[in-house]
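Let me begin by presenting the structure, written as structure tokens, before commenting on it.
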Amino acid sequence: MAASTTSSKLIPKASPKAEHRLPLRQKSNVATVPDSSWADSYIKRVIDADEAVNDFILFDYALMKHHNVLLEGHTATGKTSAVVGWAAAREFRFYSISSSIGLEPSQLFGKYIPDEDNSGHIIWQDGPVTDVVRNGGVLLINEINFIPERVGTVLFSLLDKRREIQLLDHKGEVIKAHDDLIVFADMNPDYEGTRSLNKALRNRFSIQLTWEYDPVLEEKLVGIPALARLAQQLRSKLASGDFTTPVGTNMLIEFVDNYRHLGLNIATLLFANHFSADERHTLQTILNAHERELAADLGKAVKRLTPYGENIYSRKNGGNYPLDWAYEDWEYPYADDVDEQDTDSGNNDVTIGDDINA
């Protein structure tokens with residue numbers, strides 16, 4: 001489906017005698033085709049190697065069959081990226097519902113607003129969900145197990161065989177879903193503030209996928225064996241209930257990037273600060289055990305960066321930061337510029353697990 005456009009042009013005014021007609025309607029223009037970089041950078045996930053089925057092929061099938069798709073897994077497993085990447089690759093308009101306790105139906109489905117021409121007329125404006133249902137595209141319900149009931153109940157008829165929504169605030173208008181509408185939802189399991197998905201709602205998703213951390217994808221994205229082993233050990237702690245903090249793929253990518261710019265101590269410190277205070281003693285023991293392997297693998301695979309221009313290590317520069325970073329063998333480049341109070345005889349080493357904000 002090619003990217004469609006919406007217009008702010010109003011529907012012609014209905015005759016005052018035509019009571020069955022709806023009020024003027026202004027179209028929403030919130031859903032957009034994601035930038036092509038989402039598709040270019042996304043690494044497709046293999047669903048079934050024997051049948052050569054990846055996630056994009058499965059999503060194509062879901063669109064053809066009008067199936068709803070539910071992705072369930074821990075944070076930063078790539079659930080949202082998969083949907084946005086597919087929408088970008090297929091040039092579909094995309095809108096996501098960010099579930100929160102304060103979410104109101106009018107924000108999604110529409111409301112009456114004053115006419116822009118200051119005529120005193122009140123006109124109906126479709127919300128972004130109504131827009132996608134009318135005109136087609138990808139609707140993603142983020143954290144569906146956190147969505148308020150007052151919003152979820154409006155979506156029930158969209159998710160079953162009826163594929164429609166009813167706008168009670170707009171004279172009960174019933175909107176049949178566009179043939180090119182596909183609905184996704186994602187959820188994290190048993191996170192704080194969420195609730196179990198009731199069976200009736202879950203049953204409306206014909207395709208349900210568990211979105212685990214994928215070591216094959218992480219090898220392509222990160223490529224540091226020692227970091228992969230560290231992540232595997234920490235995730236086993238999560239699975240056993242010893243830890244509550246998940247180790248997302250994004251945390252591994254950030255670790256490598258922080259190492260590239262700032263070194264192993266700072267990279268480790270920033271990584272550790274994702275974890276709760278009561279997890280950090282055990283975490284430090286694990287990190288210490290992996291430290292030598294991490295240093296070796298990172299040293300082989302990652303070329304360090306050093307800052308050019310203003311000295312970010314000195315307080316003398318008034319807080320100015322360098323505009324550029326350049327590839328070089330790393331060494332402390334500004335030792336002569338450091339204030340005396342930064343070079344006392346105390347131990348200035350970063351301790352793994354210390355809070356960087358403390």
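The values are calculated or read from the model by the stated rules, or taken from the named source; none is laboratory data. None of the values given here were measured: they were computed from a predicted structure. Cβ placement follows ideal geometry from the backbone for every residue including glycine, while neighbour counts extend to all protein chains displayed.
For this structure, a couple of remarks:
- A single member of 140, 158, 217 is under 30 Å from residue 254 (Cα atoms), part of a helix (DSSP H, G or I) and either in contact (Cβ under 8 Å) with a residue 40 or more places away in the chain or in contact with a Leu (Cβ under 9 Å, 6 or more places away or on another chain) (or both), and it is 217.
- Subset of the stretch 183-211 (residues that are acidic (Asp, Glu) and modelled with pLDDT under 90): 190, 192
- Test: residue in the stretch 69-87 that is outside any strand (DSSP E or B), of a type in the set (Lys, Arg), in contact (Cβ under 8 Å) with a residue 24 or more places away in the chain and in contact with a Phe, Trp or Tyr (Cβ under 8 Å, 6 or more places away or on another chain): yes
- When restricted to residues that are aromatic (Phe, Trp, Tyr) and in a helix (DSSP H, G or I), the stretch 268-289 contains 1.
- Some residue of the stretch 193-203 being free of Cβ contacts under 8 Å to residues at least 24 places away in the same chain, among the basic types (Lys, Arg), outside any loop (DSSP other than H, G, I, E, B) and closer than 30 Å to residue 104 by Cβ: yes
- Candidate set: the stretch 90-134, residues that are under 17 Å from residue 146 (Cα atoms) and among the polar types (S, T, N, Q); chosen: the one modelled with the lowest pLDDT: 100
- The residue pairs whose first member lies in the stretch 278-293 and is at negative phi and surrounded by 15 or more Cβ atoms within 10 Å (Cβ to Cβ), whose second member is outside any helix (DSSP H, G or I) and of a type in the set (D, E, K, R), and whose beta carbons are closer than 9 Å, counting only pairs six or more residues apart or on different chains, are 279/242; 280/354; 280/355; 282/242.
- For residue 166: the one exception among (1) in contact with a Leu (Cβ under 7 Å, 6 or more places away or on another chain); (2) in a strand (DSSP E or B): (1)
- If you go through the stretch 199-227 and keep only what is crowded, with 16+ Cβ neighbours inside 10 Å and of a type in the set (A, V, I, L, M), you end up with 201, 209, 217, 221, 222, 224, 226, 227.
- Candidate set: the stretch 129-146, residues that are under 16 Å from the mean Cα position of the chain (by Cα) and hydrophobic (A, V, I, L, M, F, W, C); chosen: the one farthest from residue 174 (Cα to Cα): 146
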